[in-house]
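Each remark here refers to the structure printed beneath this line.
The values are calculated or read from the model by the stated rules, or taken from the named source; none is laboratory data. Source: prediction; values computed, not measured. No Cβ is skipped: glycine too gets one built from the backbone with ideal geometry, and neighbour counts run over all protein chains shown. Areas reflect the complete protein model, heavy atoms only, side chains present, ligands, DNA and RNA absent. Shrake-Rupley method; radii C 1.70, N 1.55, O 1.52, S 1.80 Å.
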Amino acid sequence: APFGGSWNMESSMDATTGTSGKVSETSTDTKDDLPPLYVSGDDFEKASNLKMEASDLKSAGDYKAALDKYSQAVLAAEPSALLYANRADVLLKLKRYEACIRDCNEALKKNPDSAKALRIRGKANKMTGSLRESLKDLSSSQSIDYDDEAAEILKEVSKQVQEMDHEVVMKKVQEEEKLKKRAEEIKKAREEAEKEARERSASAAAAGSGGMPGMSGGVPGMGGAGGPGSSMPGGMGGLMSVLLSDPELAAGMQNPKVMAAFQELMSSPGGAMGLMSDPSKLQKLMADPEVGPFLQKLMAKLGPMMGGMMGGAGGMPPGGMGGGAGMDEDMPDLDDIPDLG
């Protein structure tokens, strides 16, 4: 036949674009296979006779012959919207959906309110799986001219579109659940990593301070620590318990510069108490942006313990260590040292 076509069956599913998951028929019409459109001509009498012949052939079920007559009528004179719609109806019955939809589009250009063209295009869209387009066309046609057959098709298409919408919602919910679960896993892994880092930091601080000079048998300059009348725990264990019990001090011990200053302090003559008798050195250390805050924190922690030790140290003359009357005058008041933290 001059306007014949071939067909294949294919399966499609796309809830977002409105295509059905069921098997749909797809036209394989090519440009050369599509029925001709009007170009020129004004033989309306010939066109009228051809339309009547086409109508009789259509009623008899001879759709191919009817298509040929309708096409001749289109070429004879400028066609009406109804003529394009009638030819589209024949193409629908021949399962030539692409050509059918094109003729409906031509009919709707001439008459946007053509219920017949909308109804036929709605059926063709349903057959190709374009359910959302089908729903739109069938709904529009029913609002213009109600048809019982179209009403049943519209009910079926509406149900299919609802099912697709449900699938879209469920898919979105599942994707959100996956993202939420992934976020929780990342958060948990981060918290565990931070916890391990803190534990490693504390362990490294304890291990690194184990070999510091002057710390094996106690704090130099604090020989009375741990003795009668002293509130300072004796030996390394007491001082390290103070350091490691405070997260800021434990973290500070990881700084090489702080560790070096602390080792120098504890290994120097007189230890920590020796530093208190050397105001210039104390000021220098306290002015260091890394060492100063650490020492300030440490001295605040050890202050009560050092006071108890000094009060209970046997043989210590009034006025401080070594009986030096000028020591209190030279030693800076901790309250006067700026807070560098």
Neighbourhood net charge (15 Å Cβ-Cβ; Lys/Arg +1, Asp/Glu -1) for ALA206: 0
Reachable lysines from LYS178, criterion Cα separation under 20 angstrom, eight or more residues apart if same chain: LYS187, LYS188
Rounded to the nearest 10 Å², the accessible area of ASP33 at probe 1.4 Å: 50
Members of LYS64/LYS110; LYS51/LYS126; LYS110/LYS171; LYS109/LYS172 lying beyond 32 Å, as alpha-carbon distances in this model show: LYS110/LYS171; LYS109/LYS172
Calculated FRET value between GLU53 and GLN162, using beta carbons and R₀ = 51 Å, to 0.05: 0.70
For a label point 7 Å along the Cα-to-beta-carbon line of GLU78, residues of segment 34-49 with backbone N under 17 Å: 37-48
Heavy atoms of ARG182: accessible area, 1.4 Å probe, square angstrom to 10: 140
Rounded FRET efficiency, nearest 0.05, which uses the C-beta distance separating GLU191 from ASP145 and R0 of 56 Å: 0.25
Phi-based couplings in Hz for segment 151-162 (Karplus 6.51, -1.76, 1.60; Gly and Pro marked x): 5, 5, 5, 4, 4, 5, 5, 4, 5, 5, 5, 4
